[in-house]
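Just so you know, all these numbers are worked out from the coordinates, no wet-lab data involved. Just so we're clear, the structure is a prediction, and the values are computed from it rather than from any experiment. Neighbour counts run over all protein chains shown; Cβ positions are idealised from the backbone, glycine included.
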Amino acid sequence: MISMKPYDLIVIGSGAGGLTAAFTALGFGKRVLIVEKDRSGGECTWSGCVPSKALINQAKDIHTARKYADFPIDTSAILERVRAVSEHVYEEETPEVLQKAGAEYVNGFARFISPSRIEVGDRTYEGKKFVLATGSSPFAPPIPGLDQVDYLTNENFFQQAVLPASIIVLGGGPIGIELAQAMNRLGVQVTVVEMMPEILSREEPEFSVLIRQRLSAEGVRFELGTKAVGVEKTPAGVRLNTEQNGETGSLEAANLMVAIGRAPNVKGMGLEDIGVNIDKGVEVNQHLQSSVKTIYACGDVAGPYLLSHMANFQGKLAAMNAILPINRAVDYRHVAWVTFTDPEFARAGLTEQEARERHGDSIRVYRYDFAKLDRAKTKAGDTGLIKLITSSRGKVLGAHIIAERAGELIAEVQVLKTLNLNFGKLQKVIHPYPTYADSLRQLSQQVFLDNILKHPVVSFLRSFGKRKKQTSE
């Protein structure tokens, strides 16, 4: 059965990118169909951002409380509360809410039969344009024996009845590290196995070390430079066979969690049959348009950044390009993200090495230690560090922050970076005292002073003054 009238936009997937695309098109008065194979809300609501942060917050509360008293931890109750948070967020994303906003909603798996038609069950829907927002799934590495054990990923982690007594976390990226710290704080014996020499290997190296040291101090065990070569069931759980520096070994725990990457959800949709180019995901141009002109893509299925806020950013742009006559190019110069450990680790822009490779040694690098910050002094054990990389004139190239609420602090840096403002201008903005944000104001004073001292005229006068002084002596 074919729907009577073509939709202006059919959005496949209802996660962060899909919902944004749909609401954008609805805002322009377009007729929109949303197709979702599971529950609306996507990974962020059910197995990503929302439940992980809910777990992290509960683990932080318990970690703080256990500094003053020892007590048993009911992980069953904790996981129930985590799921309740997801359900609460879902209240604003239900099919009824989407339909009330003006969208039509169909639950089922979509398969393309032409560049303008899809099949969902026994029905066919026609659309003028499409936005693919099908997301990604946990990548299962080809480790012998892995398919013989009931391992965890972020997709099934939050559906557990209780947390295991011990666990091996395979992967030292953001997902693995966030959950490793949370589980450790909730009484789970955690071992992180990472093939690279350091966790969070794509981040500023000195900051990755600080995060690992913090988690180690809390009790998380790390096996770095270690490759997983096999998995076996044991009476008590699982055994992970490893290889490190040419030597074999093994680790045992009650369960195993795999967190080493994501794979785009493109299978079974008939995309390649209609000419959509697929590489690591759906290949898109600068307008987020695929090789088939009626089909756009956003979020994890398109990449390159597998982040909910980037899916949101792309979803809006993809929808506008699909339904409006003016195409807007996607701009990735100002990407930022946060790893929600305690303390948080936030980043915007380039690392120091990346900045030197692109801009040479003319860059300026600043550091601010929270040992100098009065707000941090008011809380025992509160630490933090900011590393700011600017151009020779003080424009932000990159920023890295480890601190309480670093994710909020990086937003202020993002404003300056995105608007191409000199970081030294921030020193003119009144910041409340005592706050964590005052660290940025203090850091901007250093940049402001250097802006003056490194000005060509000032540099010449200072150099001339020094030569004159040396001559007179």
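Pairs of lysines 8 or more apart, or on different chains, with alpha carbons under 29 Å: count those in segment 343-456, would you? Count of close lysine pairs: 26. DSSP beta bridges fully contained in segment 146-260 are about 50 percent antiparallel. By the Cβ-Cβ criterion of under 4.7 Å, the unpaired cysteines of the chain are Cys298.
Order these by the 10 Å Cβ neighbour count, fewest first: Phe112, Phe28, Phe23.
On the way: Phe112 23, Phe28 13, Phe23 19.
Final ranking by Cβ density, sparse to dense: Phe28, Phe23, Phe112.
Quickly estimate the mean residue ellipticity at 222 nm for the chain, helices only: each DSSP H run with n ≥ 4 gives -39500 (n - 2.57), and the total goes over all residues, rounded to 500.
On the way: 14 runs with 160 residues, N = 473.
Helix contribution divided over all residues of the chain: -10500 deg cm²/dmol.
For segment 343-456, state the average projected area of the convex hull of the C-alpha atoms over all orientations, rounded to one decimal in nm².
On the way: hull surface 27.6 nm².
Its Cα hull, projected and averaged over all orientations, spans 6.9 nm².
Residues Trp337, Trp46 in ascending order of nearby Cβ atoms (within 10 Å, fewest first): Trp337, Trp46. Across segment 368-373, computed HN-Hα scalar couplings (Karplus, 6.51 cos²θ - 1.76 cosθ + 1.60, θ = phi - 60°) run 9, 9, 5, 4, 8, 8 Hz from first to last residue, x flagging Gly and Pro. Note on segment 174-260: semi-axes of the ellipsoid equivalent to its C-alpha gyration tensor, largest first and rounded to whole Å, are 21, 17, 10. Distance between the pseudo-spin-label points of Arg356 and Asp70 (7 Å out from Cα toward the beta carbon): 4.8 nm. Given the alternatives (1) 23, 57, 19, 1, 0; (2) 18, 24, 26, 13, 11, 8, 0; (3) 21, 48, 27, 4, 0, P(r) over Cα pairs in 20 Å bins from 0, in percent as computed for this entry is given by (3). Here Lys233, Lys387 are placed in order of increasing Cβ neighbour count within 10 Å, fewest first, which gives Lys233, Lys387.
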